[in-house]
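The structure is given below, and queries will be raised subsequently.
The values are calculated or read from the model by the stated rules, or taken from the named source; none is laboratory data. Just so you know, these numbers come straight off a predicted model, no measurement behind them. All Cβ positions, glycine included, derive from the backbone under ideal geometry; neighbour counts span all protein chains shown. With ligands, DNA and RNA removed, areas are computed over all heavy atoms of the protein, side chains included. Shrake-Rupley method; radii C 1.70, N 1.55, O 1.52, S 1.80 Å.
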Amino acid sequence: TRQMLQDVGVDGLIALSGAGMGDVGEALLQGNAEQAALRATYWAEMFAGAFYLEVQRVHPRGQAQQEALVAATADLAARLDLPLVATHPIQFLDRDDFKAHEARVCIAEGYMLGDARRPRLYTEEQYFKSADEMVELFADLPEALENSVEIAKRCNLEITLGINYLPNFPTPEGVTLDDFLRLEAGRGLELRLTQLFPDAAERDKERAVYDERLRIELETIINMKFPGYFLIVADFINWAKNNGVPVGPGRGSGAGSLVAFSLGITDLDPLRYALL
């Protein structure tokens with residue numbers, strides 16, 4: 001994760017330490033304050049002026065480990081002159097939703113509600129607390145609550161809906177993405193036809209229906225602005241197949257397409273089985 005952040009940059013991002021689930025909190029829980037300081041300093045340097053040490057009170061007050069972590073995090077914030085922020089890990093909207101949430105977790109994990117051995121990872125406190133409840137919960141750390149408001153003020157994001165943003169798939173110089181998809185699909189179909197119909201005469205007889213379907217599919221994909229999507233998926237799938245990585249047979253609305261078959265994404269002839 002660190003290398004990825006270094007590669008792409010962190011401008012415009014705000015980072016929180018993750019409380020007990022982050023690497024700083026992990027070190028503090030282990031009693032290793034120096035390791036926690038080194039990690040916090042690293043993140044603070046990477047997210048200059050935008051890194052916050054995070055504290056949470058998920059369990060009822062009085063739980064020794066939780067309070068020890070809050071105190072240690074506050075001490076670390078003061079020692080390194082880093083801002084402290086109070087957050088709450090919300091899992092459901094209202095307190096009364098806890099039982100329903102536990103049932104959902106049991107369904108997902110394969111446990112019975114009455115199983116005394118099942119892990120209990122959540123508490124009934126993990127509902128959407130009001131501002132007044134958060135003020136009461138962190139009455140001893142008002143600056144941590146003030147910083148949650150400060151972070152909200154710093155967040156300014158405009159999202160354009162209804163537009164798909166895909167990575168730019170590299171194409172040969174002078175070849176558009178649309179034309180490259182046509183070239184790759186046409187080349188792939190020719191290979192598939194040779195495999196499906198080794199006899200040249202039979203191949204010539206069957207070619208027209210395959211060519212027409214490929215034309216219609218390519219026209220649809222290009223009109224929907226999805227040529228890059230098919231090329232990216234094909235790149236992943238074919239690399240996996242050539243490097244001993246198992247892949248599935250394909251799924252979703254595109255899995256029955258001749259384009260996917262031609263690009264090597266799937267291995268099932270859609271015309272033979274009348275796939276959509």
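Could you grab me the full set of residues in region 244-276 that are modelled with pLDDT of 90 or more, within 29 Å of the chain's Cα centre (by Cα) and either assigned to a loop (DSSP other than H, G, I, E, B) or among the β-branched types (Val, Ile, Thr) (or both)?
Of everything in region 244-276, those that are modelled with pLDDT of 90 or more, within 29 Å of the chain's Cα centre (by Cα) and either assigned to a loop (DSSP other than H, G, I, E, B) or among the β-branched types (Val, Ile, Thr) (or both) turn out to be Gly244, Val245, Pro246, Val247, Gly256, Ser257, Val259, Gly264, Ile265, Thr266, Asp267.
Next question, about the same structure. Provide a single number: the residues in region 105-150 that are aliphatic (A, V, I, L, M), exposed (fewer than 13 other Cβ atoms within 10 Å of the Cβ) and over 24 Å from Val55 (Cβ atoms).
Number satisfying all stated conditions: 5.
Here's a follow-up. Pick from Ala208, Ala185: which is assigned to a helix (DSSP H, G or I), modelled with pLDDT of 95 or more and exposed (fewer than 10 other Cβ atoms within 10 Å of the Cβ)?
The conditions single out Ala208.
Is region 154-168 home to any residue that is under 29 Å from the mean Cα position of the chain (by Cα) and in a helix (DSSP H, G or I)?
Scanning region 154-168 turns up at least one residue that is under 29 Å from the mean Cα position of the chain (by Cα) and in a helix (DSSP H, G or I).
So Arg251 passes all but one of these: (1) closer than 16 Å to Tyr273 by Cβ; (2) surrounded by 11 or more Cβ atoms within 10 Å (Cβ to Cβ). Which condition number does it fail?
Going through (1) closer than 16 Å to Tyr273 by Cβ; (2) surrounded by 11 or more Cβ atoms within 10 Å (Cβ to Cβ) one by one, Arg251 breaks only (2).
Another question, if that's okay. Just the residues that are open to solvent by 80 Å² or more (accessible area, probe 1.4 Å) and either in a helix (DSSP H, G or I) or in contact (Cβ under 8 Å) with a residue 12 or more places away in the chain (or both), please, taken from region 213-243.
Of everything in region 213-243, those that are open to solvent by 80 Å² or more (accessible area, probe 1.4 Å) and either in a helix (DSSP H, G or I) or in contact (Cβ under 8 Å) with a residue 12 or more places away in the chain (or both) turn out to be Arg215, Ile216, Glu219, Asn223, Lys225, Tyr229, Asp235, Phe236, Trp239, Asn242.
Looking at Glu34, Glu102, which is the one that is assigned to a helix (DSSP H, G or I), surrounded by fewer than 15 Cβ atoms within 10 Å (Cβ to Cβ) and of a type in the set (Asp, Glu)?
Glu34
To continue, here is another question. Could you check how many residues of region 79-99 are open to solvent by less than 80 Å² (accessible area, probe 1.4 Å), in a helix (DSSP H, G or I) and more than 12 Å from Ala40 (Cα to Cα)?
Selection size over region 79-99: 2.
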